[in-house]
1. Please find, within region 147-199, the residue that is most open to solvent (accessible area, probe 1.4 Å) out of those that are without any contact (Cβ under 8 Å) to a residue 24 or more places away in the chain, part of a strand (DSSP E or B) and among the hydroxyl-bearing types (S, T, Y).
2. So for region 322-335 (the condition being at pLDDT 95 or above and in contact with a helix residue (DSSP H, G or I) (Cβ under 8 Å, 6 or more places away or on another chain)), does at least one residue qualify?
3. Do we find that N312 is without any contact (Cβ under 8 Å) to a residue 40 or more places away in the chain and either within 16 Å of S240 (Cα to Cα) or not hydroxyl-bearing (S, T, Y) (or both) in this structure?
4. Within region 68-82, is even one residue open to solvent by 60 Å² or more (accessible area, probe 1.4 Å), more than 29 Å from I9 (Cα to Cα) and at pLDDT below 95?
5. Within region 123-142, which residues are in a helix (DSSP H, G or I), over 19 Å from R75 (Cβ atoms) and either open to solvent by 60 Å² or more (accessible area, probe 1.4 Å) or β-branched (V, I, T) (or both)?
6. Identify the residue in region 309-354 that is of a type in the set (A, V, I, L, M, F, W, C) and part of a helix (DSSP H, G or I) and, among all such residues, is surrounded by the most Cβ atoms within 10 Å (Cβ to Cβ).
7. Just to check your reading of the model, which residue among D4, D25, D31, D45 is out of contact with any strand residue (DSSP E or B) (no Cβ under 7 Å at 6 or more places or on another chain), at pLDDT 90 or above and surrounded by fewer than 18 Cβ atoms within 10 Å (Cβ to Cβ)?
8. Name the pairs whose Cβ atoms lie under 8 Å apart, with the first residue in region 203-228 and outside any strand (DSSP E or B), the second open to solvent by less than 40 Å² (accessible area, probe 1.4 Å), and 6 or more positions between them or separate chains?
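The values are calculated or read from the model by the stated rules, or taken from the named source; none is laboratory data. What you see is a predicted model, and the numbers here were worked out from it, not measured in a lab. Glycine gets a Cβ as well: all are built from the backbone with ideal geometry, and neighbour counts include every protein chain shown. The accessibility values were calculated without ligands, DNA or RNA, using every heavy atom of the protein model including side chains. Shrake-Rupley method; radii C 1.70, N 1.55, O 1.52, S 1.80 Å.
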Amino acid sequence: MTFDFHYKIESVIALAPTDYLTLSDRKIEVDDVNYLLLQGSYDSDLSEFEGDRQYNGIDLTGRKEAMKAALYIDRANHGQFNTTWGENDTYFPFTLLLNKEPLLKGTEQRQIARTYVAGFLEATLHQDESYQPMFEDYRYALEWLPDTTYISKYEDPSYHIYSTFEEDVDVTTATSPYITIEANSLLQWYEGELEFRRDKERGTHGVFLKWDHSYSKNGTYKLNFKKALQDPFAYTSNSSLTFTAANLSDPSDQQPVDFTITASSDNGASASVKLSVVMQMHGVLPIQHTKTKYFEEERYGEPTEPVLQTFNIPMQRFLEANNAFNPKKMNALTFEFNASEKGKVFIDQIGVNQGD
């Protein structure tokens, strides 16, 4: 049965949502609709980032202008997005076990929601493009936000992905048949599905890469383009390399992870940009919801949850490193794990952001 009530829904805002409802055992699909997702790391009611699965299920086909954005907020909980529920994300007597000391103040958490909800509605309903950058890069909004760690994800029709990792389990292939993949000197290299902190399916596949310089230095993950990328996937001097990545390092290692991206063109020139020069990948965020180790493990599972950040590396950065590099004739893209002694990352959604 087709449900079509002709509702003209332009924008959806999800605050710490669940994602387990279906229509006749089918996932709810909401394509070409503006979608904003906010989630706190210290959500003791909905401790998995379930809205991320809905985010992954929204396709932006390009038939209309739309965007989807997600903001993960460290130290925010479930109830303080409003003024009624407060600090207690569960019921008595389990509230006595909650670790509430790390939480943001309720006024701070609502300031984040106020900033992002208002900006999103201005951008999507009033077509005020001046708000769009804060969703693509949370750093544009930091002067309006309290001091905590933010991780954000973003996509609009200008993003064209040539490696989604959804096609098969062959680590040497990409979504495009004209791309081959190789890796060297890594402790781990495999493709699979990202999971929540309690082993639930996340709805997105990618590549897992782990390195340790005590084992081998200068590990690499390389995409080889057998033929030049064609529009809309071709890079230009005004476009950006885009990908999403999550830090999966050991919870005891809370240091940021860094690596170098090298782009090569068929004239033999190559250019390198260190990730942290453009945007830092945060260290992992260990979360302690409760005061007791047993209840923490039983109720909440792993001490961390992987959260994907969207990275955009402008081609201008590569051209500044070497103006002989030709983005239009790129023939290889290499992730070089030479800047951090060790680490583990998950990489997904590699492609081009054509921008405006």
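1. Once the filter is applied, the top-ranked residue is Y190.
2. So far as region 322-335 goes, yes, one or more of its residues are at pLDDT 95 or above and in contact with a helix residue (DSSP H, G or I) (Cβ under 8 Å, 6 or more places away or on another chain).
3. Spelling it out, it is not the case that N312 is without any contact (Cβ under 8 Å) to a residue 40 or more places away in the chain and either within 16 Å of S240 (Cα to Cα) or not hydroxyl-bearing (S, T, Y) (or both).
4. Within region 68-82, none of the residues are open to solvent by 60 Å² or more (accessible area, probe 1.4 Å), more than 29 Å from I9 (Cα to Cα) and at pLDDT below 95.
5. T124, L125, E129, S130, Y131, Y140
6. Only one residue tops the list, namely F318.
7. D45
8. S216/L186; N218/F337; K226/I179; A228/A234; A228/M330
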